[in-house]
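Below: the structure, in structure tokens.
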Amino acid sequence: MSRNIALGSGLATEEKVVNLRDCGEAGCDIDWLSSQTHEAEIDDVMAFTEYAMSKGWGDGLPLVPPTETRVRTMLAANNRYADEVICQLPPIDADCTVEKIAINAVMAGAPAEGLPLIIAALEAMAAPNFELFGLNATTAPVIPLTLVNGDIRNRLNIPYKHGCLGGTASTSVAIGRAIRLIIKNIAGQEVGVTCQTTFGSPGRIPGILFGEWEERSPWAPFAERRGIKGDAVSVYGTMGTQNIIDTTSQKGQDFVEMIGKSLAYPGANGFSPAMPYAEMMVAINPVWAEILHRDIPNLEDIQELIWRHASIDADYLTTNHRQQLEAQDRVINGRVYVAVEPKDVLVVCCGGTGGLHATGFHSFGSCITQTRKIMPGPDSI
């Protein structure tokens, strides 16, 4: 969409076509914002939060009132058309427009500079192979994990060092919360109605959003390994975090054995006959990553070793459980594996330099990880 702008004065004028995707704080002759407006005390956060909760928009935490000025400011900072449809999000398959994304981002307290990251994450989640419908509707406590690569980690203060998974003061909390509000308010995930989660998860408020410590990683950045260099997001359907402590190992082979065996517990979705496919993400701290790379130079070998150790004896399972897995050809030489193949063990480097810990992110089972490039808003002219 464009408009002809007359430059100059008097009879002599020059027309220039300018791509105006937003009119800024002052508004515009043709209003592109289409959302229904409500009268509220715009400067009273708690009053608005109470009002929003009564409407079903909130997550229980204070919300920033999404005034027209705040929404227009976010759109203007990114030069995006308000009515641009980014994707359709299940379970209700609603159009996810830039305007509605911005409204939820404002409510979450996310910075305007984070809008391109949010949009890229939503595009990734909307991919058919990510199977967002199942993730949003299931009985499981699954949530989308968002992993960030590229220099945008530093520009947005996305944590990737000590405490990257929680407890570090960062704009990533508000960005992750914005994604969760979008899943609730646009996609229509409503517990007990469109979502049958049995217990839910604390991660359903801020999400799980962190970066990879590329500068300390002995491996190529995760997104680059998947064909995208620079600023990128990868989304992965996870059941949450699992801590793995190892205070005794000294060699790479011992670390991966401990990691793999720790991942192998029969109640994980990867071992369920209801989930014919599963990935397994593992976060390795930079101290261990250096040791692993020293002793096992090829990342593919590390993935295979973790995969082999992340298995259980099929006889350890109940009879019915084993029989169902055998019918699916998932019992291999008497063992069952948490991921389908070694390539499905996804390794990333992040976390503090104290070492001693890795983190496992067990998958939902039907979501295939998606990676998208983070694209800034288009030029205005």
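A Förster radius of 56 Å combined with the Cβ-Cβ distance from GLU215 to THR67 puts the calculated FRET efficiency at roughly 0.90. Cross-link pairs exceeding 20 Å between alpha carbons, from the set LYS229/LYS251; LYS261/LYS343; LYS100/LYS229; LYS100/LYS184: LYS229/LYS251; LYS100/LYS229. Can you say what percent of the DSSP beta bridges in the chain, counting only those with both residues inside, are antiparallel? Round to 5. Given both bridge residues lie in the chain, the antiparallel proportion sits at roughly 75 percent. For the stretch 126-172 versus the stretch 260-275, the inter-centroid distance based on Cα atoms is 22 Å.
Based on DSSP H segments of at least four residues, each scored -39500 (n - 2.57), the chain has a per-residue ellipticity at 222 nm of -8500 deg cm²/dmol. 3J(HN,Hα) along the stretch 345-357, derived from phi through the Karplus expression 6.51 cos²θ - 1.76 cosθ + 1.60 where θ = phi - 60°, amounts to 8, 9, 9, 10, 10, 6, x, x, 8, x, x, 6, 9 Hz, with x in place of Gly and Pro. Sorted from longest to shortest, the spans of the Cα atoms of the stretch 276-381 along the three principal axes equal 64, 39, 22 Å. In terms of its Cα atoms, the stretch 331-381 spans 64, 34, 17 Å along the principal axes, sorted from long to short.
Distant-in-sequence amide contacts of CYS87, defined by a placed amide H-H separation under 5 Å and a gap of 5 or more residues or a different chain, comprise CYS96.
Rounded to the nearest 0.05, what FRET efficiency is calculated for LYS343 and ALA94 with R0 set to 30 Å and r the Cβ-Cβ distance? Once rounded, the FRET efficiency stands at 0.30.
Across the stretch 213-312, C-alpha contacts under 8 Å between residues 6 or more apart give a mean separation that, scaled by the residue count, equals a relative contact order of 38 percent. Averaged over residues, the count of other Cβ atoms within 10 Å places the peptides 209-220, 151-162, 310-321 in the sequence 209-220, 151-162, 310-321, highest first. In percent, what relative contact order does the chain have, based on Cα pairs under 8 Å that are 6 or more apart in sequence? That works out to 20 percent.
Taking amide hydrogens as placed 1.01 Å from N in the peptide plane, the amide H of CYS195 sits under 5 Å from those of GLU190, each at least 5 positions away in sequence or on another chain. In the full protein context, the stretch 98-247 carries 35 Å² of accessible surface per residue, based on a 1.4 Å probe and ignoring ligands, DNA and RNA. With R₀ set to 41 Å, the beta-carbon distance separating ASN157 from THR318 gives a calculated FRET efficiency near 0.30.
Note on the chain: with neighbouring protein chains present and a 1.4 Å probe, carbon and sulfur make up 52 percent of its accessible heavy-atom surface.
The antiparallel fraction among DSSP beta bridges confined to the stretch 107-265 stands at about 60%. When nucleic acids and ligands are ignored and a 1.4 Å probe is applied, GLU123 ends up with an accessible area of around 80 Å².
Here the stretch 169-254 is assigned +1 on the Cβ of each Lys and Arg and -1 on the Cβ of each Asp and Glu. Its dipole about the Cα centre then comes out at about 240 debye.
Note on the stretch 309-324 and the stretch 177-228: Cα centroid distance 30 Å, given to the nearest whole angstrom. Expressed per residue, the C-alpha convex hull volume of the chain stands at 153 Å³.
Once the other residues with Cβ under 12 Å from the Cβ of ILE103 are scored (Lys, Arg +1; Asp, Glu -1), what is the net sum? Charge balance near ILE103 sits at +1.
Along its principal axes, the stretch 196-353 has C-alpha extents of 47, 38, 32 angstrom, given from the largest down. The string of couplings for the stretch 91-101 from the Karplus curve (6.51, -1.76, 1.60, θ = phi - 60°) is x, 9, 6, 7, 5, 9, 8, 4, 4, 5, 4 Hz, one whole number per residue in order, with x for Gly and Pro.
The values are calculated or read from the model by the stated rules, or taken from the named source; none is laboratory data. No experiment lies behind these values; they were computed from the predicted model shown. Glycine also receives a Cβ, built like all others from the backbone with ideal geometry; neighbour counts cover every protein chain displayed. Just so you know, the surface numbers come from the protein's heavy atoms only, side chains and all, with ligands and any DNA or RNA stripped out. Shrake-Rupley method; radii C 1.70, N 1.55, O 1.52, S 1.80 Å.
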